[in-house]
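One structure is given below, encoded as structure tokens.
The values are calculated or read from the model by the stated rules, or taken from the named source; none is laboratory data. These figures come from a predicted structure and were not determined experimentally. Cβ coordinates were reconstructed from backbone atoms using ideal geometry, including for glycine residues, and neighbour counts include every protein chain displayed. We work out accessible area using only protein heavy atoms, side chains counted, and drop any ligands, DNA or RNA first. Shrake-Rupley method; radii C 1.70, N 1.55, O 1.52, S 1.80 Å.
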Amino acid sequence: MPELPEVETTRRGIAPYIEGQTVRQVVIRQPQLRWPVTEGLAQILCGLSIQSVSRRAKYLLFATDAGTLIVHLGMSGSLRIVTTGQGAGKHDHIDVIFSDNTLLRFNDPRRFGAVLWTAAPVSEHQLLSSLGPEPLLSDFSGELLYSLSRSRKVPVKSFIMDSHIVVGVGNIYANEALFMASILPTRAAGRISLVRYRKLAECIREVLQNAIRQGGTTLRDYVNESGNPGYFKQQLRVYGRAGLPCVDCQQPLQEVRLANRSTVFCGVCQH
């Protein structure tokens, strides 16, 4: 599914086209997504201007002076800027058309995404209120990971993928960050030192920032706002490379399942 870098790449791609623009029309072809599209959304949005497009975890937030549109891409969703004359496809569920004829299109083959409206402060919304810190901001640190991990027996990979601990560290980037930090993903979170958590926090930031700079990781269902894929998967060091040589020691990479997710690591370099 699209992870934080893919969502951030989408945000940066669409924001220049729609910030400051006024909604002229909303077309909802399929209201049944992961949760029903907010009733009356087309009427709510019409006439409102998009003040900003921001991101919280993997949620895209479209702020107006009357409230906030919350969009989640789910497992297969995408947002694209398309021309108003481009016909809608089978999975093009929602179009937002602006006064300058810019068209923002939400496509979601699996319909696990979400398009919701809130007039209340968006930070208080039930989907966002209990989220952990953003990994790219200053309130995320190795000290935070260390303090929250004490006495925790859960594998460290599962620990850093918990959105109540830190948001946006999905499966691909958890694999990559743990490899970069030389930490075994199966190691109990509570048995990792402060020094190693400081290193892990740095690696999480670096992995995510690199992916954002390169446009997001190419996944089967992911395309960015222009319909083009992100960067090539072969740039990843461990994810998807089980059985292949480690890029550092050349020993075969191993694979296990943690929380039903593919977990690839080097049994020599990681401990």
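Please report, to one decimal in angstroms, the Kirkwood hydrodynamic radius of the chain built from all distinct Cα-Cα pairs. Let's see the in-between values first.
Numbers: mean 1/r = 0.0509 Å⁻¹.
Every distinct Cα pair counted, the radius reaches 19.7 Å.
Roll a 1.4 Å probe over the protein chains and send me the accessible area per residue for the chain in Å². Mind showing how you got there, number by number?
Working: 12330 Å² over 271 residues.
Heavy-atom SASA per residue in the chain reads 46 Å².
Under a Cβ-Cβ cut-off of 13 Å, what is the net charge of the residues other than Q30 that fall near it, where Lys and Arg count +1 and Asp and Glu count -1?
After counting each charged neighbour, the total is +3.
May I ask for the equivalent-ellipsoid semi-axes of the range 70-164, computed as the square root of five times each C-alpha gyration tensor eigenvalue and listed largest first in whole Å? It would help to have the intermediate numbers written out before the result.
On the way: eigenvalues 265, 51, 30 Å².
Semi-axes from the Cα gyration tensor: 36, 16, 12 Å.
How much solvent-accessible surface does E206 expose, in Å² to the nearest 10, with a 1.4 Å probe and all protein chains in place?
90
Give me the net charge of A88's neighbourhood, meaning all other residues with Cβ under 14 Å from the Cβ of A88; Lys, Arg count +1, Asp, Glu -1. Could the numbers behind the result be given before it?
Numbers: positive: R29, R80, K90, R105; negative: D92, D95, D108.
Computed value for this residue: +1.
Can you return the aspartates and glutamates within cross-link range of K199? Criterion is Cα-Cα under 20 Å, with same-chain partners fewer than 8 residues away left out.
Of all the aspartates and glutamates, those that pass the test against K199 - Cα under 20 Å, at least 8 places apart if same chain - are E134, D139, E143, D162, E176, D248.
Ordered by residue, what ³J(HN,Hα) values in Hz, to whole numbers, does the range 189-194 give under the Karplus form 6.51 cos²θ - 1.76 cosθ + 1.60, where θ = phi - 60° and Gly and Pro are x?
Each residue of the range 189-194 in turn: 4, x, 10, 10, 6, 4 Hz.
Spelling out what I want: for every residue of the range 117-125, take phi, set θ = phi - 60°, compute 6.51 cos²θ - 1.76 cosθ + 1.60 (Karplus), and round to whole Hz; glycine and proline get x.
With coefficients 6.51, -1.76 and 1.60, one gets 10, 9, 8, 7, x, 5, 5, 8, 5 Hz.
List the residues whose amide H sits under 5 Å from the amide H of R55, counting only those 5 or more places along or on another chain, with H placed 1.01 Å from N in the peptide plane.
L61
If I take R0 = 25 Å and measure r between the Cβ atoms of K90 and R12 in this structure, what FRET efficiency does the formula 1/(1 + (r/R0)^6) give, to the nearest 0.05? Walk me through the numbers before you get to the answer.
Values: r = 28 Å, r/R0 = 1.11.
Plugging the Cβ-Cβ distance into 1/(1 + (r/R0)^6) gives 0.35.
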